[in-house]
1. Among A:L252, A:L259, which is farther than 30 Å from A:I197 by Cα, surrounded by fewer than 18 Cβ atoms within 10 Å (Cβ to Cβ), touching a residue at least 24 places away in the same chain (Cβ under 8 Å) and not assigned by TED's automatic domain parsing to the domain that holds A:M165?
2. Give me the residue from the stretch B:73-112 that is assigned to a strand (DSSP E or B) and surrounded by fewer than 18 Cβ atoms within 10 Å (Cβ to Cβ) and, out of that set, nearest to the chain's Cα centre (by Cα).
3. Can you go through B:I388, B:I396 and tell me which one is more than 11 Å from chain A (Cβ to nearest Cβ), within 26 Å of the chain's Cα centre (by Cα), farther than 26 Å from B:V168 by Cα and of a type outside the set (S, T, Y)?
4. Taking A:Y174 as meeting all but one of (1) over 20 Å from the mean Cα position of the chain (by Cα); (2) assigned to a loop (DSSP other than H, G, I, E, B), write down the number of the exception.
5. Restricting to the stretch A:80-98, and then to whatever is buried (at least 19 other Cβ atoms within 10 Å of the Cβ) and within 11 Å of chain B (Cβ to nearest Cβ), can you tell me which residue is farthest from A:N38 (Cα to Cα)?
6. Looking at (1) surrounded by 20 or more Cβ atoms within 10 Å (Cβ to Cβ); (2) within 25 Å of the chain's Cα centre (by Cα); (3) at pLDDT 95 or above, which is the one condition that is false for B:N60?
7. If only one of A:F156, A:F113 is part of a helix (DSSP H, G or I), buried (at least 19 other Cβ atoms within 10 Å of the Cβ), at pLDDT 95 or above and facing another protein chain (nearest Cβ under 10 Å), which one is it?
8. Within the stretch A:240-282, work out how many residues are within 11 Å of another protein chain (Cβ to nearest Cβ) and of a type in the set (A, V, I, L, M, F, W, C).
Amino acid sequence: MNELEFKTYQKRFNLHHLATDKFKTNLIQIYFMLPLKNEKEAAMNALIPSILERGSKNYRDNKLIKTELENLYGSNMSSNIIKRGENQILRFSLEMVNEKFLTHRSNLTIDAFNLLNDIVFNPVTEAGKFKENYFEQEKEVLKQDILSLINDKYSFAVENCLARMCKNEKYGIYKMGTVSALADITNQELYDHYQKIIKEAKRSLFLVGNFKSSFVDNIFEKTDLGAGADIFDENTELIYQTKEPDFYEQELKVNQARLSIGFRTGITRKDPDYYSLLVFNSLIGGSTHSRLFQEIREKRSLAYYVSSSIETTKGLLLINSGINAENNEKVIELVKKEIDAVAAGKFKQDEFMRSKKSIINHLKQDLDSNKALSAHFLLSLVNNKEESINQTIAGVEAVSSDDIVAVAQKLKMDTVYLLKSEG
Amino acid sequence: MESIYNKNMDERLVKAKLDNGLNIYIFPKKDYVKQYAMLSVDFGSNDIDFIDVKNGRRRNMPLGIAHFLEHQLFEDKEESIFDKFADLGASANAYTNFDSTNYLFSSSSNFEDSLINLIEFVEDPYFSDQNVKKEKGIILQEIKMYQDNPYWKSYFNLLSALYSKHPVKNDIAGTEESVMSITPEDLYICYYNFYLPSNMDLVLIGDLDPQRIINLIRENQAKKNFPHFKNPVRIIKEEPEKVAKRLVQEKMNISRPMVQIAFKDPVKSEEPAQIIKKEYIVNILLDIVFGRSSKNYNQLYDQGIIDNSFSCTYHKKPDYAYVHLHGESNKPDQMREKIKEKLVDIDHDEIRDNFERIKRKYQGSFIRLFNNFNHLAAEFVNYRRLGIDIFELATIIEDIRLDELLAYSDKVFNKDFMVESIILNED
């Protein structure tokens with residue numbers, strides 16, 4: 001039972017099931033994947049989950065839904081909009097306590113699942129549309145969500161950098177669309193779009209936990225999730241180009257300047273170089289042993305945070321730091337210098353080993369979390385390369401120092417974005 | 001060594017206390033790959049005023065010194081502490097809050113070597129003019145980062161409105177000025193007074209052999225001499241019952257106004273179990289009145305006064321307590337008025353109708369607690385410091401009665417003790 005690998009059952013849709021009794025809770029997730037097309041569709045896709053959570057056929061309003069979740073020992077129901085490559089993924093997630101830890105309550109899982117199913121597939125409708133006030137209110141809530149990006153200056157810098165870097169690509173579309181595109185959406189159009197998603201979008205169902213076999217065996221009958229292809233990406237355009245980096249500055253009243261530097265790696269999860277990229281990222285900026293952390297923070301006190309992260313469906317690497325604006329050029333130079341050093345093979349064997357160990361440590365820890373197991377599998381599924389965490393670890397083990405050098409040499413700086421204070 | 005097995009949760013807790021006073025707590029978790037260790041020092045941002053056990057002098061430390069000390073312990077004469085852990089494949093971190101400083105690592109192999117590393121670096125201070133100066137630059141950037149965070153900003157504005165004397169009103173990292181004034185000598189004084197084994201708890205979680213681990217730590221600690229075993233003597237200034245300020249307002253670059261409201265709950269001396277029980281009772285009460293399934297939340301949501309950014313919690317410690325509600329709103333005045341109106345006059349029938357269900361939700365969240373090592377360790381220490389074992393929580397929640405909620409519902413939300421912190425958009 002403790003292999004911790006997903007098994008796939010192919011019927012009208014794919015069910016991915018990881019059976020384990022390790023956790024105190026069970027996790028059920030329904031996914032839909034939609035290609036990023038334009039801002040309006042992005043906003044429509046982002047709006048649908050929040051309207052669905054307002055009320056369903058059997059639970060007419062949010063109060064009744066939340067009451068039922070509390071009755072089910074505080075089960076958590078959430079929906080998320082995730083951007084992976086040039087796709088939006090809608091995730092409906094439900095986590096409930098495993099009934100074996102409760103003294104009385106044998107059908108918690110099935111009751112919770114019925115609720116989730118009702119919310120996703122049976123929304124409250126009026127005259128062939130969503131309920132009008134749910135539509136209007138959630139449109140306003142989403143508008144506020146889009147606008148609230150500015151409240152988090154870290155994410156604000158990241159999103160502004162990516163939007164500029166990918167302005168001519170679908171990836172440049174914000175995962176929730178824009179306020180003006182949102183304003184254009186009518187209730188009828190949104191409802192028709194919802195129907196289209198239910199019928200046509202790519203889909204998947206995940207189960208992680210200790211489910212009764214009767215539950216798993218009957219799940220295809222119990223859910224209204226219809227036939228459709230699995231959530232494989234066939235949509236993302238990989239751009240890998242040599243160009244002079246673009247520089248952008250934006251002014252706001254802030255205490256700390258935020259620097260965000262975007263690179264093209266040309267490497268996605270499907271590529272053999274993927275494991276080398278993981279190790280490179282750890283070496284350059286993935287952790288506290290990383291070169292940027294050591295050089296920029298520990299040696300020069302120029303920042304509290306400096307880190308790198310990768311997007312492996314679109315092939316991007318991003319370096320982020322909070323600094324004093326006047327140190328901007330110095331920090332950019334240090335970033336370039338560190339990447340060049342790795343590209344020239346100028347790093348120590350123990351730095352290389354730390355980077356590998358760090359990734360393996362984190363991957364192993366993912367085996368202990370139901371959500372991390374599911375997130376790992378989701379990424380591998382989207383990139384059409386289903387692999388278990390243990391397979392990823394084996395890939396990382398095999399990476400050599402020369403492989404890291406090759407990745408560093410491939411890296412192309414594309415866009416530099418600086419948010420700084422006015423005047 | 002003492003071992004407690006909780007049948008309902010199917011969890012074991014092994015406890016040991018060493019001769020030098022260090023408390024060790026181990027949760028053996030079969031089949032888990034992750035190993036987690038947290039060394040928690042009972043010294044937080046609130047502990048700035050104390051009697052120095054060395055010479056009996058009263059010390060008033062610069063704000064943010066506990067957090068500074070946390071950063072500074074990662075400095076070593078030769079090698080980077082982070083690298084030492086990284087070489088073992090472990091990842092180290094630390095955080096400081098109002099009442100504790102916590103050093104931790106997570107690993108999936110080499111647990112014993114990593115554990116010795118953790119204990120060694122916390123028990124081996126090295127503060128020099130040069131590395132203290134270097135750390136100041138880093139911490140000033142950390143402070144600036146928080147100054148741009150509207151939630152954090154308005155939260156500390158709120159605390160400064162609630163409290164005129166209690167140190168919880170101060171930002172955990174201190175101010176630019178206080179941080180700049182910190183010297184190596186200050187750090188050594190705090191270290192001497194608070195970093196004693198008897199003032200620390202070590203929590204270990206994973207597929208571990210408790211006896212072997214305890215022996216290992218015992219052996220390590222036996223080799224060391226500690227300068228003294230005196231408990232720290234903290235001075236907490238007496239906090240007046242009434243609030244410091246009614247309202248704090250500020251402007252920032254944000255998308256819409258942010259509203260935070262608190263009700264100060266004057267403290268009296270209480271038993272630990274009572275403190276925890278009250279924390280649960282008032283939180284259940286808040287969920288009934290303003291939680292996601294409540295009449296009020298859904299009404300105000302429909303009217304566009306609040307949305308899912310809204311939340312409410314009751315915080316209770318032995319020396320301070322307050323009810324905290326916050327959210328973003330384009331109708332901040334209506335939000336303030338409505339909250340006041342609804343809380344000051346709570347419908348008892350609503351409490352009666354919803355009590356059992358909300359209590360069940362808290363029972364579920366107790367079970368969930370055991371899924372996440374980091375969360376479990378932090379909560380464990382929190383309750384342990386109050387003198388309660390985490391398994392006892394299940395009984396404390398189970399024992400909560402409706403009439404206790406009804407009694408508190410008329411007392412906790414007193415308009416005279418209400419404060420507000422508002423962040424408005426920059427024009």
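The values are calculated or read from the model by the stated rules, or taken from the named source; none is laboratory data. This is a predicted model, so every value here is computed, not measured. Cβ sites come from the backbone with ideal geometry, for glycine too, and all protein chains shown count toward neighbours.
1. One residue alone meets the criteria, A:L252.
2. Ranking the candidates gives B:Y95 first.
3. B:I396
4. (1)
5. A:V97
6. With (1) surrounded by 20 or more Cβ atoms within 10 Å (Cβ to Cβ); (2) within 25 Å of the chain's Cα centre (by Cα); (3) at pLDDT 95 or above applied to B:N60, the lone miss is (1).
7. It is A:F156.
8. 3
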